Ligand SMILES: Cc1cc2nc3c(=O)[nH]c(=O)nc-3n(C[C@H](O)[C@H](O)[C@H](O)COP(=O)(O)OP(=O)(O)OC[C@H]3O[C@@H](n4cnc5c(N)ncnc54)[C@H](O)[C@@H]3O)c2cc1C
């Protein structure tokens with residue numbers, strides 16, 4: 001049974017609006033009801049709980065900040081962050097599905113799509129009738145996506161797309177993919193590729209030890225005819241996909257706190273119940289030091305993201321500020337997961353508790369959406385005005 005209680009050491013709830021708390025609590029209730037009871041089984045079997053996609057749409061997890069006219073609930077960015085926190089408290093893989101759908105598929109269509117594209121795709125993505133994926137990474141271009149070789153050629157009313165994307169979340173189950181590819185002038189453009197287009201396949205990537213409840217795959221394009229009406233007209237160049245990553249990284253910064261809170265809450269409860277040497281292990285100084293450091297780091301991360309959320313609501317959150325929060329919070333969460341795992345002793349490695357799953361998931365989270373080291377370079381670039389990559 002999911003008995004999670006969230007730590008709020010600095011009384012941050014007092015800074016949240018009633019709407020924020022309502023959205024957060026509703027998401028938490030959904031996670032307790034629909035995710036927690038099944039997630040360990042799906043993760044152990046490396047299966048994607050596809051039935052949750054429609055539910056995620058129903059509870060407003062897809063495109064929380066997309067306006068109502070396009071099917072979204074039109075919430076602010078702090079609400080979006082709190083939702084991602086709660087979902088990742090359940091599982092980083094489920095949060096990945098939400099992040100991709102909201103920030104990497106709906107956001108570019110909303111921000112750079114034509115009116116016709118917005119009307120056609122956003123409402124279906126908001127309800128979960130459509131699941132989307134985002135294709136930027138390629139086999140030979142990960143941290144350096146600007147080198148991509150996936151490209152398309154003009155062929156009248158459509159273009160011909162060739163190439164392959166790798167490590168794509170949701171790929172095996174997606175109905176549409178926002179794909180970044182170069183035109184004949186070498187300029188990066190976004191294309192909406194739809195399942196069923198001839199020559200478009202999405203083979204699944206197997207044998208992952210991380211994000212096992214999230215489906216990952218390739219997007220392969222073999223002379224795919226994409227109508228010109230499916231090209232995002234609003235923006236081109238590498239800045240377009242990077243702006244989507246900013247939105248997703250913002251959600252990850254919040255989400256990582258969720259995973260950390262779950263590990264902390266589990267370890268705290270276990271340490272009060274587990275008796276060794278005649279008393280609860282929570283009574284030993286070394287265990288208390290771990291707990292003290294966990295709550296300190298969680299609180300620092302909560303403050304960082306809350307301020308970042310305010311800046312994002314005002315349209316003032318920079319990419320470098322988002323990088324700092326993503327980098328810090330995921331590192332914080334992975335560290336807490338490792339410490340919490342130790343506090344549970346042997347039980348910590350079993351699926352009876354969520355900690356080991358969080359720890360393995362976070363190994364992906366620290367790598368995708370810009371690796372830990374690449375975010376350090378983004379900060380370094382901002383500080384010195386010299387790019388080290
Ligand atoms: C589970 C999962 C899901 C994913 N989902 C998606 C998705 O939906 N869509 C998508 O487009 N991509 C996705 N990715 C891809 C992810 O964004 C890439 O894995 C990530 O950008 C790193 O690229 P890479 O794996 O090719 O590593 P590489 O770029 O090869 O990096 C390897 C190592 O070298 C380091 N490195 C690279 N360049 C430098 C440098 N200049 N200086 C110092 N160190 C450097 C990196 O930090 C890293 O430690 C996903 C990845 C995973 C694991």
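Rule-based calculations on the coordinates, nothing more; no lab input. Since we're looking at a predicted model, the values are computed, not measured. Ideal geometry is used to build each Cβ from the backbone, glycine not excepted, and the neighbour counts take in all protein chains shown.
Which peptide among 199-205, 186-192 comes first, and what is the full order, when sorted by highest mean count of other Cβ atoms within 10 Å?
Values: 199-205: 15.7, 186-192: 18.9.
Ranking the peptides 199-205, 186-192 by packing returns 186-192, 199-205.
Return the Rg/Rh ratio of the range 164-301 with Cα-based radii and a Kirkwood Rh. Mind dumping the intermediate values first?
Numbers: Rg = 22.9 Å, Rh = 19.0 Å.
Result: Rg/Rh = 1.21.
Give the relative contact order (percent, whole number) for the range 239-384; include only Cα pairs under 8 Å separated by 6+ residues.
The normalised contact order for the range 239-384 reaches 33 percent.
Return the inverse of the average 1/r over all pairs of distinct C-alpha atoms in the range 12-130, which is the Kirkwood hydrodynamic radius, in Å to one decimal.
By the Kirkwood definition, the hydrodynamic radius is 14.5 Å.
In angstroms, what radius of gyration and Dmax does the range 133-230 have, counting Cα atoms only?
13.1, 45
Have a look at the range 1-71 and give its Rg and Dmax from the Cα atoms, expressed in angstrom.
Rg, Dmax (Cα atoms, Å): 14.9, 41.
What per residue convex hull volume, in Å³, comes out for the chain when only alpha-carbon positions are used? Mind dumping the intermediate values first?
Numbers: hull volume 51.9 nm³, N = 389.
Hull volume normalised by residue count: 133 Å³.
Can you tell me the 0 to 90 degree angle between the C-alpha axis of helix 319-343 and the longest principal axis of the chain, rounded to 10?
Computed tilt is about 40 degrees.
With just the Cα atoms of the range 239-384, tell me how far they stretch along each of the three principal axes, in Å, largest first.
That gives 59, 26, 25 Å along the principal axes, largest extent first.
Out of all DSSP beta bridges in the chain, what portion is antiparallel? Express it as a percent rounded to 5. Each step should come with its number before you reach the end.
Working: 28 of 33 bridges.
The antiparallel fraction comes to roughly 85 percent.
Per DSSP H run of n ≥ 4, the term is -39500 (n - 2.57); total these for the chain, divide by its residue number, and report the mean residue ellipticity at 222 nm rounded to 500 deg cm²/dmol.
Numbers: 12 runs with 184 residues, N = 389.
Rounded to the nearest 500, the figure is -15500 deg cm²/dmol.
Using only Cα atoms, what Kirkwood radius does the range 45-200 have, in angstroms? All intermediate terms of the calculation are to be shown ahead of the outcome.
Details: mean 1/r = 0.0616 Å⁻¹.
Taking every pair of different Cα atoms in the range 45-200, averaging 1/r and inverting gives 16.2 Å.
Using a 7 Å offset from the Cα along the Cα-to-Cβ direction at both residue 207 and residue 1, what is the distance between the two label points in nm, to one decimal?
4.2 nm
Treat the count of other C-beta atoms within 10 Å as a stand-in for reagent exposure and order 296, 216, 305 from fewest to most. Kindly include the intermediate steps, with their values, before the conclusion.
Details: 296 12, 216 24, 305 29.
Ordered from fewest to most neighbouring Cβ atoms within 10 Å, 296, 216, 305 come out as 296, 216, 305.
Using a Gaussian network for the chain with springs between C-alpha atoms less than 10 Å apart, which of these wobbles most: 56, 197, 356?
Maximum among the listed residues: 197.
Give the peptides 225-231, 61-67, 125-131, 14-20 in descending order of average Cβ contacts within 10 Å, highest first. Each step should come with its number before you reach the end.
Working: 225-231: 17.4, 61-67: 23.9, 125-131: 21.1, 14-20: 12.9.
By packing density, highest mean first, the sequence is 61-67, 125-131, 225-231, 14-20.
Between residue 388 and residue 311, what length comes free when the chain is fully extended (0.36 nm per residue of separation minus the Cα-Cα distance, one decimal in nm)? If you can, show how the numbers build up before the last one.
Working: separation 77, 0.36 × 77 = 27.72 nm, distance 2.68 nm.
Value of the extension gain: 25.0 nm.
With the alpha-carbon atoms as the only input, what is the per residue convex hull volume for the range 84-145 in Å³? Please report the intermediate quantities before stating the final value.
Numbers: hull volume 7.0 nm³, N = 62.
Enclosed volume per residue, from the Cα hull, is 114 Å³.
Relative to the longest principal Cα axis of the chain, at what angle does helix 285-313 sit, 0 to 90 degrees, rounded to 10?
So the inclination is approximately 30 degrees.
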